[in-house]
Structures are given as structure tokens and as C-alpha cells.
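As C-alpha cells, the structure follows; a few thoughts come after it.
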Amino acid sequence: MKIGKLILAAAAAALMSGSALAQDKIDVKLGVLNDRSGTYADLSGEGSVVAAKMAVEDFKAADKGINVEVISADHQNKPDIGSSIARQWYDQDGVDVILDVPTSSVALAVAEITKEKNKIFMNSGAGSSDLTGKACSPNTVHWTYDTWALANGTGSAMVKAGGDSWFFLTADYAFGHALERDTGAVVEKSGGKVLGNVRHPFPGQDFSSFLLQAQGSGAKVIGLANAGADTTNAIKQAAEFGIVQGGQKLAGLLTFVTDVKALGLNTAQGLVLTEAFYWDQNDGTREFSKRFAERHGGAMPTMVHAGVYASVLHYLKAVEATKGKDTAAVMAKMKETPSEDPLFGKGEVRADGRHVHDMYLFEVKKPEESTAEWDLYKTVATIPAAEAFRPLADGGCSLVQ
Amino acid sequence: MSAKAEPVSADAILVDRPTRNKRLHMTVFLALAGLLLIAPSLFYPFFLMKLLCFALFASAFNLLLGYGGLLSFGHAAYFGMASYVSAHAAKVWDLSPELAILAGTTTAAALGLVFGALAIRRQGIYFAMVTLAFAQMTYFFALQAPFTGGEDGIQAVPQGYLFGFLDLSDTMTLYYVVAAIFLLGVLLIYRIVHSPFGQVLKAIRDNEPRAVSLGYRADHYKLAVFVLSATLAGLAGATKAIVVQLASLTDVYWGMSGEVVLMTLLGGMGTIFGPMVGAAIIITMQNYLASLGAWVTVVQGVVFVIAVLLFREGIVGVLSKWIKKPL
Amino acid sequence: MAEIFSIPSAALYGQLLLGFINGAFYATLSLGLAVIFGLLNIINFTHGAQYMMGAFVGWMLLTYLGIGYWPALVLAPLIVGAIGMVIERTMISRLYKLDHLYGLLLTFGLALIIEGLFRNGYGVSGLAYAIPPQLSGGVNLGFMFLPLYRGWVVVASLVVCLATWFIIEKTRLGAYLRAATENPTLVQAFGINVPLLVTLTYGFGVALAGFAGVLAAPIYAVNPMMGSNLIIVVFAVVVIGGMGSILGAIVTGFALGLIEGLTKVFYPEAAATVIFVIMALVLLVKPAGLFGKEG
């Protein structure tokens, strides 16, 4: 009897220790670094943290033996603050992956530090196509969009739709110039003409005189090569001057659904823009967005939030597959495995770090066409993944041979 | 500040007890050096280096404000342009760090000479406004000029090898170099203040007409201290660019000019050790309250208001009054 | 179409008109600053934040109390002015015996606090405030389409500016004010409550800022940073016009709006810098400003 009990006890102990060994937990720390208090707070901000957490839960990370902690910080759109936080996160706080980072100047700085510390940077919020071009790195994945894709979407699609003469209202700084240059190139390649441009100080407040010049040019399309408050102010003031009523179309070259919501359909109707994601696109996006809105004060997710969700999902899948978080192994896994999620559908991460997926050209609905608070867009065209992004060879990325 | 301002520990400055004060000051400097030696084992070295750069910046600013009696609302111009030139020199011209820093510092000196020569012609609030105007022009220049990289700034600045053999990408080496630069800068300021030149400067600050009547060319002294202040501010900016490996528009923005005024006011105008204390507090606050985002601005504003209403001598100023010795 | 310097004249007139409209804002704002500095020797760095508060109070009146634009034009300046008077009573008045620069530092700190608080409460994206229906739409002037609201801005600003100038330069009250600045003790001896006069004057200057804020709300987004973007420019205007001169502030405000408008046509990238270049030049040549009297 006693020996029997002993054997039973021993067997039980052996079994328990066996299963404990099999459960090697991987601790992962994700840092969501974005603008939480400034001009991009609505399109990224706390919503990105919500999206990241949702991805961790939907992936059921805990059940798979992966402990994920999500922290966040505000880079205030300043590269020095962003790079300070990134450095501290990697050096002192054990962060493995930095997510989001809108504002290209900050994103470039964070990409540099991530390369130096050999961690992983999965960007969703920034637009600079240099992240997968001149400044590409083996540690960067650029998920959601870039200026080339936006220029290509809005530029070529509008020319095809009849908008073949353009005038640019450009924010006078590097990003604005890049946006204008990329879009202008696409317009001319598609058979359109660029009639002129005017550069406004960045950030601007009063666009009346510049809008007047745009009006005077007679161009069919006025391209707004700026972002954030500059774009929304320009659109508001354009409405004041009756530009759209006068027959010219406005193209927002970097506009988000939160900008349109803030402007209201009365002011923004007819605006054409390109985005990578819209909450009402299909059942998959609708289901996610409903859950997101419940956790984010009723506001629908922007493409930036969606990108954070999808990139976390893809990363965790790679961690699970490689059973660890070794940077080189995980990056390789992410690039060799095609991605699939209900938000972006099928996609893949290219050698230069660029994630390719379909992009969509949208037009803002007229007030009478909208049936709900967030019913803002109608889809004009879908740009398939193969055409939506800059060809791999054209970027000047050193990783592509 | 003109004679209407409350003088900082007036008796302590006018009644100079040289030897005893000097011994006190040397002790404080030694303690400071000791603190700098052990600090990296207690705090994140990168944060400390940033702090030291700003402490030097504030000390340089105080040379002009506390000892020269001139409030410049545009010191970011020297800090920022030095930072840009230093970054550009290290990255594009491939200069070794000591030459890059030298390039940056020289730029600041030149800028200080030009702006100072023009600004000195005016007094008080008009002087402050001229310096602000020049700083704004510098900001817009930085925004437009291609070499500054606009919004992106100059990124990925290489740290290189100091004097050809000290590897600055090693954190501890870099730290000791920055600490050395800081100490040298502050010692230089100390020397300037406690020299005959410094005495005349204080006399001009307290009563310019009287100093002029005694035969001193007030304008020359004011320009000299302006250039010195701008140069040392430039040294701080140039060093910062190598440490942070980044030069951006924040460095030339007028908010930066406002911040250095706050650091000096909080720490104690007209004291040697005040500005570094002020800088330490403000930088630490910005770092630890970073998660609070916009609240940092509010807190800084509150500190400003309290400092101006109740605390004009600043922390070290109050300390100095207490021990009845100049600091 | 006639061309002037290769710009079609119609476009040029349009830009000049727009510049004039911007000048109206500069004039009203710098007027408030000039009143406060000229009569009280206080450099009110909080002016930008108080302008922003005017816009926000207007927005709040509409959103929380349903009070529309027209009453807000009167109420918002009164509320903001009252807040200003409280600030003056409790904080600024303690600094009168000290160097002017302490006043500047105090108001700078206050500006940081006010802007920070609003940023926390309302974010930075900007809140919408509709143009009142009576003023929407516009009139086609031939060389450009002028939104009615912008035309109203010019009219309202001119009326307020001229009324202020008249009160200060031509009435008894204004005379007391000017006398009180020069010799407060003597004026006090005549039985006039000088501290009260000072407080009211500060409140009035601040109310002017608030008024400009309400005027701005429908065309610029109501956002916490709207003041800090403008304040440096307004300072430049006041310094150019002459820090004590009421008329100087008004004339310079409009003139600079015009110059800025012209710059936007011929060399738009410099539009932001031109005012500072002019300020530096004026300070070096005639430091009291174009209309000012030194001292």
C-alpha cells in the first residue's frame, strides 16, 4: 500500500514537472509610441494602445505561453523626445517592439535607434516612404501606408476619373515637398498636368491667400500636400471661399477618417482621398470596428489603429512559430510568412520591410447620402496590392539586391 | 536687470570676502566633480548627459542674465544653430567629434557677435524683443535651409572617435567626455565672473550710468559677455548633438529660449550653481512626467508663476541668502 | 487681364484684400497689447492665451448653453476680461515695483498654464464653430469672391479699434488713465481710485483679445494653440508700431497684414519671417517704434 502510494505520488510529481517544463513562457514587451496629446492624437493616440491590446487578446497569447505587456508613451511629434523614449525603452525598460510612431521625423529617428539596439520596429502611423527606401533597415516593418501609395492612389485614380489638371497647396517642409513631388510625378505619368504650386508656411493658420491662388489657377484638382490641422483648416477655408461649389475638386493627400469626422460632411463632402482601411469595408472590418468602438468611446478605428492591430498579430504569430523573440529569426519569419487578418485581408512583408496590401480610393459622402454618424466614405476604387506600393527595386533600399 | 530689480544677495556680492568664498566654491566644485563620477552608477547615463548639456546651456545663459543683467529671449538661436552645424560637420563633412563641436561652437560665437552687436544698441524690453526677433528669423532659416533637414532634423549623427582614439559610441566614455566639457564650461564661467572683467560687468548691471561715468565703455563689456554667453550656449548645443545623435527644430524654437529662462530663474539668477540646479529639476521633470504629455506644460507654467511671484532668487539664491555667502 | 509684376491684377487685389482682413486681426490683438503696455507698462505675454480663451468661451457658450454668436460677441469678452482682472488683482499687481521683465515672465508662465489646461481638456485638433447664418455666403467682387464673414471681421475690428482710440485719446476717462500712468500718486491724490483704474484697464485690454478670439472662431479652428501661433507676430506688430501708441498699433496691424499678404504672393515661403525682419530693422533704427515715444 505504502509503496503504491509512493509510486503514485512520484508519477504525479513527474507528470507535473514534465508539463511545467513544456510551458516555457516567453515574455514580450510592446511599446506603443505615438502622439497622445497633439494633432495626431485622434488618429493614433490611445486608440493604438486599444488596438494592440485587442490583438494580444484575439491571438490568445496567454494560452500559447506568451506573456505580453503593452506600454505606451507620448512623443509629442518631436524627434528628440521620441528618440529619447525609444532609447530608454530599449536600454532600461526591456521593450522588444516599438509600434505605431506617426510623424515621419520621429519614425526615422526611432528606426535608427531600433537598428542600433537590434530590436524590432513595426510602424503604422508614419508616411515617409524613406522608411523602406533610403532609410530602410533589417529591423523595420512599415505596415499601413506611405506617401508613395497615397500619391499613387489619389493621383492616378483622380486623373483617370477626369481630374487631369492639378494645383498643389504644399506645406513648406520636407514632408510636404515629398508628398507634392510624388503626387506630381504620378499625375504626369498618368497623363495629367501640374499647373503650379504654392508653398505655405508650416504650420499654417490662414490659407485664404493660397486658396485664392489655387482658385485662380483654374486647375480641376487642388492637391493638399499637407497633413493634420493644415489640411482640415485648408478644407474649412476652401468651403468658405466656395471652391468646391465652383467646380474644383479637393484631394487630401494625407487625410484620415478622423479629420473628415472633425470637419463634418457639410464641409468635407466631395473630398477624395486614399486610405488602407475603412471600418465599413466588409464584415471582417465591421466586426473588429464594433468591438474597437466599444473600448474607445464610440469612435471608429482609423487605418493607423488597424495597422497596429494587424502588425501585433503578425508579430505574435512569428514569435509563436519561432518559439522565441530573437530579432533576426522573428523578422525572417514575418517576411517569409504571408499575413492574413480580417482588417487588411491577405498581404505580405517584403524584403525592404514594406507590408503590401490593397489600398482604396474613397470619396467623402454628401450629407444626404450618410445614414449614420460614422457613415462618411463611399469607395471609388480598389488598388490591388501588386500596384499599390512602390516597386521593390525603385526604393534605393540597401537590403534589396 | 536694472537697478529696480531686487538684487540677489546684495550684501554677499558687494562685500566680497574673497578667500573664504573661494574655498567654499572650490569645495562645491569638488563635490560636483565627485557627484558626476558616481552618478552614472545611480542614474541612466544617457539622461545624465542630456542634463549636463542643458545645465551648461543654462549656466551660459545666466552669464548674460544674472551677471550681465540682459534678458535675451532668443538664446535658442545659438544653442540650436551650433547643434545643427555640429551635427552636419560630424555627419556630412565626416569631422571627428572635437572638430564638429568646435565648428558648432564657432558658429554660435559668430552668430552671437552679429546679433549681439545689433541688439546691444537697445535696452530692457526692447533688447529682449530684438533677440526674440533674431531667434525667430533663425528658426525660419532652420526650417527652410536644406542642410538642416527641416522637420526631420539631422538624424543618425555619428559619434566617432574623440581625438582619434576615444570611442564615443561607448556610453561611459561619452559620459566622461560630456562631464569634462560641462565642468570646464562652468569653471570658465566662474573665472569670468570672478575676474576684473566680471566685476565691471556687475557694476554695469547694477548702475550703468555710474559705470559709464567712471570711464568704462559699457557697450564693449555688454557685447563681450553676450558673445561669451552665446559661445558657451553653442558649446552646449554642439555637444548635445553628438550625445543625442540628433539636431532638430526643437533646438531653435522659441519655447527652448523660454525653457532656459525658466531653468535659470528657478535655479537662481546671478549664482554660479543655480542654473545647473534649475536645469536638473526641469529636465528631470520633463523626463518623469513625459507620460503625462501636455500636463508638463502646465506644471512648467505653475513653476514659472510661483518662481516669479514668491521665489525670485531661485533655489540656490535662497540657499545663498541663508548661508550669507554668494553661490 | 492686366498684370502687375507678372501677377494678374485681379489676384493681386484679392491678396491685398485678404491681407487687409488679416491685418484686422493683428490690429485688434495688438491694440489690446498696446493698451496694456502703453498705459500699465505690463508686457502681457498671456495675450495669446486670452485670445484663445475668447474663442473657447464663445464655443462653450454655444455648446453648453446654446448661446449663439451675436450674444457671444459681447459675453465672451466680458467673461475673459473678468478673468483677466482677477489675474491682475491677484498676481500682476505684486510686480509693479519690480523690473518690467518679471511681468513678462509671469504672464509667460500663465500662458503656459492656460494653454496646457486647454490642451488637456480639448486636445489639439480644433473644434468647429459655425459661421452665423446671417453672415455666411459671400459676394462676388469681380476680382475675387469675398466671404461675407471676412468682410464683417474688417468692419467690426475697425469699429472697435477706432472706438478704443477715441475713448483713450479724446475722453475724460482716457485722460485720467493717461495721467494715472504718468503720475499715479498725484492722480490718486485727486481722489481717483488708481488701482481700480489699472485693473479695469487690464481687463479692457484682455477683453479686446477675447473679442478678437470670438471673431476668429468661425474661420480659424478653435484650438488651444491658436494663441501661441499668433502671439509672437502680435508682439512684433506692437513693437513696430510703438509700444505705447494706440494709433500705432492699429495702423501697423493693418499695414503689416497688407505686407504679409503681398509677401504671400511674391515669395510665400518668407511670409512668416517678413514681420520679424521688419521688427528687427525698426528696433535698430527707431526703437520706440514708428509711432511711439521712448520712455
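Which residues in segment A:323-357 place their backbone N less than 13 Å from a point set 7 Å from the Cα of A:Leu399 along the Cα-to-Cβ direction? Answer for segment A:323-357: A:327-337, A:349-356. Straight Cα distances below 13 angstrom link A:Lys134 to the aspartates and glutamates A:Glu112, A:Asp352, A:Asp394, with same-chain residues fewer than 8 positions distant left out.
Of the trypsin sites (Lys or Arg not before Pro) in segment A:301-401, which ones lie in a loop per DSSP and count no more than 15 other C-beta atoms within 10 Å? All intermediate terms of the calculation are to be shown ahead of the outcome.
Working: sites: A:Lys317, A:Lys323, A:Lys325, A:Lys333, A:Lys335, A:Lys346, A:Arg350, A:Arg354, A:Lys365, A:Lys378; in loops: A:Lys323, A:Lys325, A:Arg350, A:Lys365.
Answer in residue order: A:Lys323.
With the alpha-carbon atoms of segment C:152-233 aligned to their principal axes, the span from lowest to highest coordinate is 48, 25, 19 Å, starting with the largest.
When the Cα positions of A:Ala386, A:Asn77, A:Gly264 are compared along the charge dipole of chain A, A:Ala386 comes out farthest toward the positive end, with charges on each C-beta of Lys, Arg, Asp and Glu. The mean number of partner chain beta-carbon atoms within 10 angstrom of a residue's beta-carbon across peptide C:259-267 is 3. For A:Lys249, the residues whose modelled amide H falls within less than 5 Å of its own, excluding neighbours fewer than 5 places apart on the same chain, are A:Val221, A:Ile222. For chain A, the longest principal axis of the C-alpha atoms and the axis of helix A:45-58 are separated by about 40°. Amide H to amide H, with H built 1.01 Å from N, C:Asn223 comes under 5 Å of C:Leu127, counting only residues 5 or more places away or on other chains.
Of the beta bridges in chain A, as assigned by DSSP with both residues counted there, near 30 percent are antiparallel. Over the protein assembly as shown, the Kirkwood radius and the radius of gyration, each from Cα atoms, give a ratio Rg/Rh of 0.99. Among the chymotrypsin sites (Phe, Trp or Tyr not before Pro) in segment B:23-74, those located in a DSSP loop and surrounded by at most 13 other Cβ atoms within 10 Å of their own Cβ are B:Phe43. Once you charge only the Cβ atoms, +1 for Lys and Arg and -1 for Asp and Glu, what is the size of the charge dipole of the protein assembly as shown about its Cα centre, to the nearest 20 debye? Using Cβ point charges on Lys, Arg, Asp and Glu, the protein assembly as shown gives about 2600 debye. In this simple spin-label approximation, B:Leu309 and B:Ser195 carry label points 7 Å from Cα along the Cα→Cβ vector, and these lie 4.2 nm apart.
Roll a 1.4 Å probe over the protein chains and send me the accessible area per residue for the protein assembly as shown in Å².
Details: 38100 Å² over 1023 residues.
Accessible surface, normalised per residue, equals 37 Å².
Compared with the dominant principal axis of the Cα atoms in chain A, helix A:283-295 is inclined by about 80°. For the protein assembly as shown, the share of accessible area belonging to carbon and sulfur comes to 64 percent (1.4 Å probe, ligands and nucleic acids excluded). Rounded to the nearest 10 degrees, the angle from helix C:172-182 to the longest Cα principal axis of chain C is 70 degrees.
Within chain C, the longest run free of trypsin sites (Lys or Arg not before Pro) that sit in a DSSP loop with at most 15 other Cβ atoms within 10 Å is C:98-292. Each residue of segment A:324-331 was assigned a 3J(HN,Hα) from its phi angle through the Karplus curve 6.51 cos²θ - 1.76 cosθ + 1.60 (θ = phi - 60°); the sequence is x, 10, 4, 4, 4, 5, 5, 4 Hz, with glycine and proline shown as x.
Buried accessible area for the B:C pair, summed, 1.4 Å probe, in Å² rounded to 100?
Working: alone 15330 and 13860 Å², together 25300 Å².
Buried area (both sides, nearest 100 Å²): 3900 Å².
Rounded to the nearest 0.05, the FRET efficiency derived from the C-beta distance between C:Arg178 and C:Lys97 at R0 = 22 Å is 0.55.
Evaluated at 20 °C with a viscosity of 1.002 mPa s, what Stokes-Einstein diffusion coefficient in µm²/s does segment C:37-184 have when Rh comes from the Kirkwood expression over alpha-carbon pairs? After rounding, the answer is 119 µm²/s. Size of segment B:249-296 from its Cα atoms: along the principal axes, largest to smallest, the extents are 32, 23, 13 Å. Inter-chain Cβ neighbour count for C:233-241, averaged per residue, equals 2 (cutoff 10 Å, partner chain atoms only).
The distance linking segment B:136-156 with segment A:230-265 is 29 Å (Cα centroid to Cα centroid, whole angstrom). Projecting label points 7 angstrom from Cα along Cα→Cβ for C:Tyr13 and A:Ile71 puts them 6.4 nm apart. Bridging of A:Lys236 to lysines at a Cα separation below 30 Å is possible for A:Lys78, A:Lys160, A:Lys193, A:Lys220, A:Lys249, A:Lys261, A:Lys290, A:Lys365, A:Lys366, A:Lys378, C:Lys264, once same-chain residues fewer than 8 apart are set aside. Put simply, the amide H of C:Phe45, placed in the peptide plane, has neighbours under 5 Å in C:Thr107, C:Phe108, leaving out anything fewer than 5 places away on its chain.
Relative contact order, whole percent, for chain B stands at 32, derived from Cα pairs under 8 Å and 6 or more residues apart. Across segment C:36-94, Cα-Cα pairs farther apart than 13 Å form 64% of the total.
How big, on average over all directions, is the shadow cast by the Cα convex hull of segment A:291-394, in nm²? It would help to have the intermediate numbers written out before the result.
Details: hull surface 34.1 nm².
Approximately 8.5 nm², given one-decimal rounding.
Partners of A:Lys119 within straight-line reach, counting aspartates and glutamates whose Cα lies under 14 Å from its Cα and excluding those fewer than 8 residues away in the same chain: A:Asp91, A:Asp93, A:Asp96, A:Asp326.
Peptide B:151-164 has a mean of 4 when you count, residue by residue, the C-beta atoms of other protein chains within 10 Å of its C-beta.
With n ≥ 4 as the cut-off for DSSP H runs, can you work out [θ] at 222 nm for the protein assembly as shown, using -39500 (n - 2.57) per run divided by the number of residues, rounded to the nearest 500? Walk me through the numbers before you get to the answer.
Working: 40 runs with 605 residues, N = 1023.
Value at 222 nm, helices only, nearest 500: -19500 deg cm²/dmol.
The values are calculated or read from the model by the stated rules, or taken from the named source; none is laboratory data. Predicted model, so just to flag it, every value in this text is computed and none were measured. Please note: Cβ atoms are built from the backbone with ideal geometry, for glycine as well, and neighbour counts cover all protein chains shown. Remember, those area values only see protein heavy atoms, side chains included, never the ligands or the DNA or RNA. Shrake-Rupley method; radii C 1.70, N 1.55, O 1.52, S 1.80 Å.
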